[in-house]
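The values are calculated or read from the model by the stated rules, or taken from the named source; none is laboratory data. Values in this document were obtained by computation on a predicted structure and should not be read as measured data. Every residue, glycine as well, gets a Cβ built from its backbone with ideal geometry; the counts of neighbours run over all protein chains shown.
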Amino acid sequence: MKLHRINALLIRHLYLYQRSVPRLMDIFFWPILELLLWGFLSMYLEKLSLADFNVVTVLLGAIIFWDLMSQSQRAISTTFLEEVWERNLLNIFVTPLKVGEFLVSSVLIAAVRIIIVGAVLAGLAWALYQFNLLTFGFYLVIFMLNLLVFGWTLGFFTTGIILRFGSAAQVLAFGLVFLLQPFSAVFYPVSVLPQSLQYVAQALPATHVFEGMRAVIATGALPVGNLVWALGTNLFYLILVLWFFKRMFARVKERGMLMKLD
């Protein structure tokens, strides 16, 4: 694995953002719009004086965490799709570039986007709603890393699906994460779900992160059980998806289908 090849891909994709309004909107406009919508709703609910429930902290914390995970997933998927849309995928893989280097560069691009979006959302949340994201303290780092890894895993999975089924599967790059949202306990506890759906929720790392976040707000202590489940399920899915991606890439390469992914 060579750092200069990873750096070359990273620079290439960062340059694309300079003059692309849609790409900049994906980083700034949509996350900010969502923050404003849920932020003002949170302020309204707080005025209803719901006892023992910090509406602003719970809802705004959840929406910021969810936005960052969504950015993590989309950054991985769209990095791959950029090459497909520009018919450049074959060009970069006839070079000495390895699949691992391509994936690492995608993760770094995702990290840049997450840092920018996180800073903007945290700043606006403080300025408009006096919400301090650092309220979660060190626990914020632990839970956030789990969400980012899960986002990367989903991104690798959607990329593998696109490799296998072509452009017909591109919608997954933008829709898969929202299909999981109802089961991830983002805005409500798992206990409100029907029993059958609770099993689905418990199998998702994101569920344990959001449940853990609410536990931190309620007790101020680290919920070790949620953390262990989040780490375990994350590791399992990451290994499984990386194996799946490697297999799909090898299959497409053997059949000479890289140039047909459009």
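Here are a few things to note about the model shown:
- In the range 105-130, residue nearest to R247 (Cα to Cα) [restricted to those that are among the β-branched types (V, I, T) and surrounded by 17 or more Cβ atoms within 10 Å (Cβ to Cβ)]: V107
Matching residues to (1) exposed (fewer than 13 other Cβ atoms within 10 Å of the Cβ); (2) within 20 Å of V99 (Cβ to Cβ); (3) in contact with a Phe, Trp or Tyr (Cβ under 9 Å, 6 or more places away or on another chain):
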{"site": "I162", "(1), (2), (3)": "no, yes, yes"}
{"site": "V171", "(1), (2), (3)": "yes, no, no"}
{"site": "G175", "(1), (2), (3)": "yes, no, no"}
{"site": "Q181", "(1), (2), (3)": "no, no, yes"}
{"site": "S184", "(1), (2), (3)": "no, no, yes"}
{"site": "Q202", "(1), (2), (3)": "no, no, yes"}
{"site": "L238", "(1), (2), (3)": "no, yes, yes"}
{"site": "M248", "(1), (2), (3)": "no, yes, no"}
{"site": "E254", "(1), (2), (3)": "yes, yes, no"}
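- Condition check for A201: at pLDDT 80 or above and within 24 Å of Y139 (Cα to Cα): yes
- Inspection of the range 17-31 identifies no residue that is closer than 19 Å to L172 by Cα, acidic (D, E) and modelled with pLDDT of 70 or more.
- V171 vs. criteria under 30 Å from A250 (Cα atoms), of a type in the set (V, I, T) and touching a residue at least 24 places away in the same chain (Cβ under 8 Å): no
- Any hit, the range 89-109, residues being over 26 Å from I6 (Cβ atoms) and not in a helix (DSSP H, G or I): no
- Residue check for A75: farther than 24 Å from A173 by Cα, at pLDDT 80 or above and in a helix (DSSP H, G or I): no
Every residue, every condition in (1) aromatic (F, W, Y); (2) at pLDDT below 90; (3) surrounded by 13 or more Cβ atoms within 10 Å (Cβ to Cβ), yes or no:
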{"site": "Y188", "(1), (2), (3)": "yes, yes, yes"}
{"site": "L193", "(1), (2), (3)": "no, yes, yes"}
{"site": "S196", "(1), (2), (3)": "no, yes, no"}
{"site": "P205", "(1), (2), (3)": "no, no, yes"}
{"site": "H208", "(1), (2), (3)": "no, no, yes"}
{"site": "A215", "(1), (2), (3)": "no, yes, yes"}
{"site": "G225", "(1), (2), (3)": "no, yes, no"}
{"site": "W229", "(1), (2), (3)": "yes, no, yes"}
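- The number of residues in the range 56-105 that are within 22 Å of V141 (Cβ to Cβ) and of a type in the set (G, A, S) comes to 5.
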